[in-house]
Amino acid sequence: MRETAAKDILRACLATLAAVLVYSVAGASGPRLLVVFNAFSVVVLYFSARRGEVFGAVLGTLCGLAQDTYSMGVFGVAGLTKTLLGFWTGYISRRIDVAPLARNALFLLVMAFLEMALWVAVTAVVRLETVNWHGGLILLQPAVTAGAAGLLAAAGRRVAARRARGA
């Protein structure tokens, strides 16, 4: 169990670094991509569903604060929303079976949508100006993010199945 936890911590750190790289490159070359795709949420969704609520909450806090460093808004908004995303994704995934593909896709979509809704609500409260909807483009973010997290989860299950057959 400890070996698996240590591997997941290392993988989560590498995935977070990859999200930082995605944000850095996309922010410089195609800022619209950041409106539609939230790499930090993908990391939190994937590992929270895999490791549970405590792992998800801690990872959500770290990913959210890393994402906050890229924003010009109030520091901590993404940290709060990603912490709650990680906790609730881990908590719910431990109580219901979200392994089947269709159920996993729906679950990730609902969680990504709730995170975005919470982010919009918190942003509307703490900022003086209105939320920038980027012409409605931001409404695509939950679907794209959940799709990426679902593909990552499916690929992870496929790799684990191959390792189990080969071992």
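Just to be sure, is THR4 β-branched (Val, Ile, Thr), part of a helix (DSSP H, G or I) and within 12 Å of the chain's Cα centre (by Cα)? Spelling it out, it is not the case that THR4 is β-branched (Val, Ile, Thr), part of a helix (DSSP H, G or I) and within 12 Å of the chain's Cα centre (by Cα). For region 139-164, a residue qualifies if it is β-branched (Val, Ile, Thr) and within 15 Å of the chain's Cα centre (by Cα), and the qualifying residues are VAL144, THR145. Condition check for VAL44 on (1) surrounded by fewer than 15 Cβ atoms within 10 Å (Cβ to Cβ); (2) within 22 Å of ALA15 (Cβ to Cβ); (3) touching a residue at least 24 places away in the same chain (Cβ under 8 Å): one failure, at (1). Inclusion of THR89 among residues that are among the polar types (S, T, N, Q) and assigned to a helix (DSSP H, G or I) is warranted. Only residues that are in contact (Cβ under 8 Å) with a residue 12 or more places away in the chain and among the acidic types (Asp, Glu): list them for region 112-151, please. GLU115, the sole residue that qualifies.
For THR89, state whether it is at pLDDT below 95, polar (S, T, N, Q) and under 20 Å from ALA18 (Cβ atoms). Please lay out each step first, then the result.
Details: at pLDDT below 95: no; polar (S, T, N, Q): yes; under 20 Å from ALA18 (Cβ atoms): yes.
No.
Would you mind finding the one in LEU45, LEU59, LEU84, LEU34 that is within 27 Å of VAL125 (Cα to Cα), at pLDDT 95 or above and out of contact with any Leu (no Cβ under 7 Å at 6 or more places or on another chain)? LEU59 is the lone residue from the list that is within 27 Å of VAL125 (Cα to Cα), at pLDDT 95 or above and out of contact with any Leu (no Cβ under 7 Å at 6 or more places or on another chain).
Of the residues GLY56, GLY90, GLY60, GLY52, the single one that is within 26 Å of LEU137 (Cα to Cα) and either β-branched (Val, Ile, Thr) or out of contact with any strand residue (DSSP E or B) (no Cβ under 9 Å at 6 or more places or on another chain) (or both) is GLY60. When region 23-39 is filtered for residues that are of a type outside the set (Ser, Thr, Tyr), in a helix (DSSP H, G or I) and more than 16 Å from ALA153 (Cβ to Cβ), the ones remaining, listed by number, are VAL25, ALA26, GLY27, ALA28, PRO31, ARG32, LEU33, LEU34, VAL35, VAL36.
Of all the listed residues (VAL122, VAL126, VAL98), the sole one being within 9 Å of ALA49 (Cα to Cα), modelled with pLDDT under 95 and not small (Gly, Ala, Ser) is VAL98.
The values are calculated or read from the model by the stated rules, or taken from the named source; none is laboratory data. It should be emphasised that the depicted structure is a prediction, and the values quoted were computed from it without experimental measurement. Virtual Cβ from ideal backbone geometry, glycine too; neighbours counted across all protein chains shown.
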